[in-house]
Each structure stands twice: as structure tokens, then as C-alpha cells.
Amino acid sequence: MVPALRYLVGACGRARGCFAGSFLGACGSASGRPRPLCGGGHSATVHQTGHNSGVIHSGIYYKPESLKAKLCVQGAALLYEYCQQKGISYKQCGKLIVAVEQEEIPRLQALYERGLQNGIQGLRLIQQEDIKKKEPYCRGLMAIDCPHTGIVDYRQVALSFAQDFQEAGGSVLTNFEVKDIEMAKESPSRSIDGMQYPIVIKNTKGEEIRCQYVVTCAGLYSDRISELSGCTPDPRIVPFRGDYLLLKPEKCYLVKGNIYPVPDSRFPFLGVHFTPRMDGSIWLGPNAVLAFKREGYRPFDFSATDVMDIIINSGLIKLASQNFSYGVTEMYKACFLGATVKYLQKFIPEITVSDILRQVAVRGPMSDNDIDCFLWHCFAFTCSFK
């Protein structure tokens with residue numbers, strides 16, 4: 001049997017129906033067989049790529065020696081280099097991680113030490129005076145100054161990646177909703193194609209692609225695509241909706257760079273923060289509330305299939321039971337704008353409810369049935385011999 005090699009960033013769930021958010025790279029042999037890249041949306045940026053804050057993270061948050069820490073530090077450097085080569089606009093505007101309460105300072109200092117262990121250059125612990133020099137309207141007792149954090153429009157990066165792929169001889173197929181991945185049924189003795197390209201990827205239109213290897217990066221559907229290929233559905237994707245607020249244009253002078261709170265290590269979220277965008281706008285957020293649809297970009301989007309997956313996920317049940325009050329607080333902030341603004345005022349007191357507009361994003365953290373927390377530092381790699 002020819003192995004179908006699969007690399008997953010995240011994974012989980014039940015394989016039902018078709019998956020519109022998936023990207024698969026189907027590779028032929030070195031003899032020149034086409035290498036298509038298949039996506040379920042109408043473009044390469046319609047889902048996760050087009051619904052994030054655009055931050056180029058430095059890697060300060062992740063456990064030293066973890067794969068995520070190594071890849072984040074290396075990836076940030078490579079991304080800056082790539083953007084320079086391709087003429088993609090970015091801003092290395094830096095980030096302050098700000099302690100506004102005395103009890104946050106030990107966590108801030110521990111995070112600083114972690115950043116040094118991860119090899120992040122230019123980190124500084126600064127006091128109130130230096131905070132004001134970098135962010136005149138920000139209140140804080142102490143902060144980590146992380147100058148190598150930046151921002152970019154990841155949609156432009158993704159489109160550039162797609163162009164590179166096409167120029168290298170590949171093809172990009174959009175609106176290719178994956179329905180099934182299976183081994184070819186032909187006898188290898190009667191079919192050269194079945195022997196050399198034994199994997200068949202089918203979409204909802206009845207079209208199929210034959211290939212030798214499949215590499216997937218399926219975002220919110222990593223778990224279900226994993227199961228289609230014969231791999232384990234664990235760890236499982238649980239979709240969370242992040243409600244972002246938008247600062248009105250006339251108030252954008254209040255924020256110069258990224259301003260983040262000191263994270264609570266009990267949760268796989270960084271907390272509500274201030275993020276400048278490449279278009280000059282300022283995003284405030286996100287919070288983290290459970291989404292009832294994997295691509296539920298609006299508060300009342302609902303999918304019975306996705307909700308069932310959430311209900312049977314014992315890892316999420318453990319997390320929810322242990323952190324019930326946190327979940328209630330996040331739901332409250334999602335429903336009442338004033339609650340979120342009150343939190344933001346801990347950092348920039350001048351912000352008021354009348355300064356705010358709304359928008360939204362969705363992300364899909366991983367959880368595992370056998371652990372009681374989300375997989376914050378991990379990638380999942382798996383190989384199928386289906």
C-alpha cells in the first residue's frame with residue numbers, strides 16, 4: 001500500500017457531509033503530474049485567513065522548547081523577510097503586554113523570562129514612565145516591550161502564497177468542497193494511475209482528484225478531514241467566536257501599537273487587546289464565546305451537526321465545568337458592550353461606549369477528550385495508511 005502522508009495543524013470530530021473550509025494540497029510524482037491546491041471557499045482568504053487580527057506574533061507566550069514556540073519565532077522572522085521580498089506592506093509596530101494590577105506583575109515577569117528562553121530579541125521590562133512614552137494614553141504599572149511584534153494583512157500574504165504556488169506549476173481550485181477521501185478501487189495490476197496515484201479526493205459536485213500524497217491544513221475542519229483520510233479524529237476542534245470591537249476613526253489616535261493584557265495561564269486565550277490594522281483602524285478584542293457553528297461569524301449562526309460535536313466533546317465539558325464563571329463572564333461581555341468597554345478602560349480610561357463599533361471573527365482551538373485543558377502549545381501530526 002502507498003501511504004497517504006498527512007500533516008495536520010489541529011484535528012478532531014465526526015466526519016459528516018462536506019467541508020467548505022478545507023485546504024488540501026494533492027501532490028503527484030516528480031514526473032510533472034499537476035499539484036492542485038483545493039479550497040472550499042470562493043477564495044483562499046474567505047475563512048480563517050480573512051478572520052484574524054493580522055498580528056505577527058513574536059512567540060513570547062508559548063512553552064519553551066515547544067514546537068509552537070520554535071515555529072512562531074522562526075516564522076515571524078521568515079514572514080518579515082518574505083514580505084520584504086514580495087513587496088507586501090507590514091508594520092513592525094511592537095507590542096506592550098501591560099500589567100494594570102499589582103497581582104499581575106509576577107505573571108508578567110515570568111512571561112518575560114519565558115520570552116528570553118524562546119530567543120525573542122529586544123524584550124524589555126519597562127515601568128510607567130516608559131509605558132507613557134510608547135503609548136501616551138495607556139495606563140499600566142509595568143509592561144513587557146516586545147518591539148518585534150508586527151501587523152500585516154494576511155489575506156495579501158495568502159494570495160501571494162497562492163501566486164507562488166501557481167508560478168511553481170501548481171493550480172489553485174476554489175469552491176472545491178471535500179466530501180470524501182478514499183483509496184482508488186482499481187487493481188494496481190490493471191491501472192497505472194491507480195498504482196501511482198492511489199488517493200482519490202472527491203467533492204460535492206462529483207469531481208475528483210487523483211494523487212499520491214495529501215497534505216491538509218483544513219482550519220475549522222481539520223478534525224473531520226482527518227477522519228475522512230483514516231486518521232484519528234483527536235484532538236477535537238471546538239469553535240469559539242471572537243467578538244471584536246472597532247474603534248471609531250476619530251479615536252484611533254488613542255492607540256499606537258499592540259496593547260495586550262497579562263494572560264491568564266489557565267485559559268488558551270490572550271484576553272481582550274488593542275490591535276492596529278494595516279488600513280489604519282484599531283480592533284479591540286476579542287472575547288471568547290462558544291460558537292454554535294464552525295463558520296458562525298454572526299452571533300446567532302447555528303449548525304445542529306456542529307452543536308452535537310460540541311455536546312459529546314468530554315474535553316470541553318471538563319474545561320467548562322472547571323471554568324464556569326469565566327465562561328459566564330465572556331458571554332456577558334459578548335451581550336453587553338458596556339462590560340467590555342469597562343475592561344478596556346483599565347488600559348485606556350478615555351475610551352467610552354460611544355467610541356465603539358462591532359465586528360466578529362471565528363477561531364477553532366483544539367481540545368482532547370483525555371485532558372482537561374485546551375492544547376495551547378501543540379501541533380498534531382498524523383500519518384494514514386488507508
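A residue that is at pLDDT 95 or above and outside any helix (DSSP H, G or I) can be found somewhere in the range 104-119. Pick from the range 263-278 the residues that are at pLDDT 90 or above and of a type in the set (A, V, I, L, M, F, W, C): which of them is nearest to Gly327 (Cα to Cα)? It comes out as Phe274.
Restricting attention to the range 164-186, and to residues there that are touching a helix residue (DSSP H, G or I) at 6+ places or on another chain (Cβ under 6 Å) and among the hydrophobic types (A, V, I, L, M, F, W, C), which single residue is surrounded by the most Cβ atoms within 10 Å (Cβ to Cβ)? Here the residue is Ile181.
Within the range 58-72, the residues that satisfy the criterion of being crowded, with 21+ Cβ neighbours inside 10 Å and within 15 Å of the chain's Cα centre (by Cα) are Ser58, Gly59, Tyr61, Tyr62, Ala69. Inclusion of Gly54 among residues that are more than 20 Å from Gly257 (Cβ to Cβ) and outside the structural domain of Trp283 (by TED's automatic domain parsing) is not warranted. Screening Phe165 on (1) at pLDDT below 95; (2) part of a strand (DSSP E or B); (3) among the hydrophobic types (A, V, I, L, M, F, W, C) shows it passes everything except condition (2).
The values are calculated or read from the model by the stated rules, or taken from the named source; none is laboratory data. Owing to the predicted nature of the structure, the values given are computational and were not obtained by experimental measurement. Glycine also receives a Cβ, built like all others from the backbone with ideal geometry; neighbour counts cover every protein chain displayed.
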